[in-house]
Amino acid sequence: MAQVSSIADEQASTPLSSPKSIVLRISKFNPKLDESSKFMEFTVPYQKWTTVLEAILDVKKHFDHSVAVRYSCRQATCGSCGMMINGKPKLACFTKISELDSDVVTVEPMNNFPVIRDLTVGFEKLFEKHQKIQPYLIRDDSELESDEREFLQSPQEVEQYIQFANCIKCGLCNSACPTMATDSSFVGPQALAQAYRYVADSRDKGKDTRLNIIDESHGIWRCHFAGSCSQVCPKGVDPAMGIQFLRGYLLGFRS
Amino acid sequence: MTEDEHREGIKGMANPGRYGIERIAYLLMRLTGLGLLGYFIAHVYETSNILRGRMGWDDFLAMTQTTEGHIFLALVIGMCVFHTGNGIRIMLGHGGVGVGNPARPDYPYQPASQNYRQKIGIYSSIVLAAVAMMYGMAVMFGE
């Protein structure tokens, strides 16, 4: 059942000189109480710069404070506000309403993650898989002595992994992945891209360990290079590239 | 799969409309793979009819000489050509060939792994499959 409401003009945080408004459809679902999700609809004014997160917070502040949404930095750095926006996984703080080119904006919880409530999903499995690939430098002399300098790298060596170090663990790639849609045990593009991030790091000596971890039935071989993970990444990480390079190591194309 | 995992399932996996030509190629690759597997099984059954002698063989072969049979074979040709062409692209990609090089990303973050070489590979496979199907139909219906 949908409920249509308009934020009162004097209450909206967006200046009301804005002649434009959209219908914001918010998925409401509490797994402990509800059998299925339902959509609540709100008419929200917006400006050219209004983000989807700001629109949701307008609704939360002025009309329905029970809307559950996780957010923090509002600048695509914390990776908290990932959700399905008009059917695609995006960061709400990084998506302007004006860019969606639609009079109706539908927000739902990210696919392939358990729903905690409304737009908030659980990241336990994401972090579990992230930890599984040992996301830290592995080497015997990782502890520096007081008279030593840090492990030096050339700019070219940094270039090999710095792109993958941009991951903010927002989970959008796992949400877009067609394999994750059907295989709950798949390690996922986020963890695989991070495996490559450390394998490609010249300071790291744990390549064989990590390749052994991902070389399993629900590991890297389940990736079919659909590339959706790279298309939705808000930080330009390009997990699909990292995964293919990792597979190159396992197939003997790279050393 | 439990309900609280909120998985998209087969419906989400098979929805090609949201992520561009690469996701369409992914779906086509899976469908043509299944189609070719089905054809392989049917082909083994068909050729086993030779054990029934020449009459049995000719009777079964006559089924492929109908309009429906020609359309079916044209589809098999299309599936075979697309699966081969796109398969070569995928295999090279799996080895890290043609997927770009790591670099500091610049906004708006166009993924290097989805570069023009990959798109050319996909479109070429589709065009080649269409041309092969048309040629196959011209030969079969032109008899």
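With respect to A:K205, is the statement that it is away from chain B (no Cβ under 14 Å), part of a loop (DSSP other than H, G, I, E, B), out of contact with any strand residue (DSSP E or B) (no Cβ under 7 Å at 6 or more places or on another chain) and modelled with pLDDT of 95 or more true?
Spelling it out, it is not the case that A:K205 is away from chain B (no Cβ under 14 Å), part of a loop (DSSP other than H, G, I, E, B), out of contact with any strand residue (DSSP E or B) (no Cβ under 7 Å at 6 or more places or on another chain) and modelled with pLDDT of 95 or more.
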When you look at B:I90, is it in contact (Cβ under 8 Å) with a residue 24 or more places away in the chain and within 8 Å of chain A (Cβ to nearest Cβ), yes or no? yes
Please indicate, with yes or no, whether at least one residue in region A:100-109 is modelled with pLDDT of 95 or more, over 23 Å from A:D208 (Cα atoms), in contact with a Pro (Cβ under 7 Å, 6 or more places away or on another chain) and assigned by TED's automatic domain parsing to the domain that holds A:C81. no
Out of region A:124-173, which residues are touching a Ser or Thr at 6+ places or on another chain (Cβ under 7 Å), at negative phi and either more than 12 Å from chain B (Cβ to nearest Cβ) or without any contact (Cβ under 8 Å) to a residue 40 or more places away in the chain (or both)? A:I138, A:Q153, A:I168
Out of the residues in region B:7-29 that are facing chain A (nearest Cβ under 8 Å) and of a type in the set (D, E, K, R), which is nearest to B:Q114 (Cα to Cα)? B:E22
The residue from A:D183, A:D141 that alone is more than 26 Å from the chain's Cα centre (by Cα) and at pLDDT below 95 is A:D141
Only unsatisfied item for B:A62, checking (1) surrounded by 15 or more Cβ atoms within 10 Å (Cβ to Cβ); (2) over 21 Å from B:Q114 (Cα atoms); (3) small (G, A, S), is (1)
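Does B:G38 count as away from every other protein chain (no Cβ under 14 Å), modelled with pLDDT of 95 or more and farther than 24 Å from A:P109 by Cα?
In short, yes.
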Take B:G98 and tell me if it is surrounded by 15 or more Cβ atoms within 10 Å (Cβ to Cβ), more than 8 Å from every other protein chain (Cβ to nearest Cβ) and not in a helix (DSSP H, G or I). yes
Of the numbered conditions (1) assigned to a helix (DSSP H, G or I); (2) away from chain B (no Cβ under 11 Å), A:F245 fails exactly one; give the number of that condition. (2)
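The values are calculated or read from the model by the stated rules, or taken from the named source; none is laboratory data. Please read all numbers here as calculations on a predicted model, not as lab measurements. Cβ coordinates were reconstructed from backbone atoms using ideal geometry, including for glycine residues, and neighbour counts include every protein chain displayed.
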